[in-house]
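Read through the structure below, which is laid out as structure tokens, and then see the notes.
The values are calculated or read from the model by the stated rules, or taken from the named source; none is laboratory data. None of the values given here were measured: they were computed from a predicted structure. Using ideal geometry, Cβ is built from the backbone for each residue, glycine included, and neighbour counts are taken over all protein chains shown. Just the protein is used for accessible areas: all its heavy atoms, side chains included, with ligands, DNA and RNA removed. Shrake-Rupley method; radii C 1.70, N 1.55, O 1.52, S 1.80 Å.
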Amino acid sequence: MEKKIEIFPSLLGANFLSLEDDLEKLSEIGIKTIHYDVMDGHFVDDISFGEPLLRKLFTSHPEFNYDVHLMVSNPLKKLEDFYKIGAKKITIHLEAKHLSLNLIQYLINQYPKLELGISISPETDVEETFYLLPFISSILIMSVVPGKGGQKFIENSLNKVQVLKEKRKELNFAIAIDGGINDENIDKVISAGADHIIVGSYLFKILNDKEKVVSFLRR
Ligand code: DX5
Ligand code: ZN
């Protein structure tokens with residue numbers, strides 16, 4: 001089943017010295033969902049932000065949905081922590097912990113309101129996700145090595161998206177893509193079949209140019 005194409009700004013690309021300004025701009029231009037990258041300094045080198053900032057965002061910017069991307073070594077513990085503070089859309093990495101169908105089913109039963117996503121890093125074959133696809137809300141293809149914004153898009157990610165587009169003809173998951181997306185490659189990402197397009201550094205770079213942002217978001 002096809003989904004609506006949506007662009008999710010990745011908070012990691014925001015200017016943290018004037019975060020409120022950036023959030024107000026995103027709100028003004030009608031952004032509905034913000035991508036929230038959690039990095040633990042272990043699964044990936046950097047540490048980004050965690051529960052305290054998201055709690056504040058839920059209070060000060062309840063107009064947004066938050067799409068939590070857990071790049072952490074212990075995703076189950078963190079999934080529970082983030083769910084408890086209000087996150088309903090959470091993605092965990094296949095590489096972080098071996099995910100079994102039993103575990104996915106446990107999460108679905110335990111957290112019926114959770115929109116569970118699975119992500120794969122560039123080195124993981126998309127075929128490894130096939131057995132999970134009937135049970136998840138979304139699959140996130142990493143088009144850069146997880147851990148940092150501002151990297152170059154890995155072209156081979158488009159093949160993974162195309163394979164998933166075929167696979168979901170009879171299924172009902174969204175296809176998300178994350179990393180290195182800008183005005184030069186967004187159209188081919190959409191043509192390949194991605195529905196949720198995560199954009200960090202490019203979007204925040206043009207955020208002051210309203211005309212450019214509006215035309216970038218009009219997809
Ligand atoms: C990278 C993060 C991305 C990142 C994307 O590990 O998961 O969400 O913020 O940023 P850009 O668009 O700059 O690649
Ligand atoms: Zn991300």
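Some points to look at:
- Percent RCO, i.e. relative contact order, over the stretch 102-219, from Cα pairs under 8 Å lying at least 6 residues apart: 22
- Carbon/sulfur fraction of accessible area - the stretch 72-161, other protein chains in place, 1.4 Å, %: 54
- Within the chain, percent of DSSP bridges classed antiparallel, to nearest 5: 5
- Residues whose amide H comes within less than 5 Å of that of Thr91, counting only those at least five positions distant or on another chain, are Val68, His69, Leu70, Gly117 (H built at 1.01 Å from N in the peptide plane).
- Heavy-atom accessible area per residue - the stretch 6-217, 1.4 Å, Å²: 46
- Counting charges near Pro134 (Lys, Arg +1; Asp, Glu -1) among other residues having Cβ under 12 Å from its Cβ returns a value of +1.
- Distance between the stretch 61-137 and the stretch 19-47 - C-alpha centres, whole angstrom: 18
- For the stretch 1-84, the list of chymotrypsin sites (Phe, Trp or Tyr not before Pro) that fall in a loop by DSSP and count at most 11 other C-beta atoms within 10 angstrom is empty.
- Quarter of Cα convex hull surface for the stretch 6-217, i.e. mean projection, nm²: 10.9
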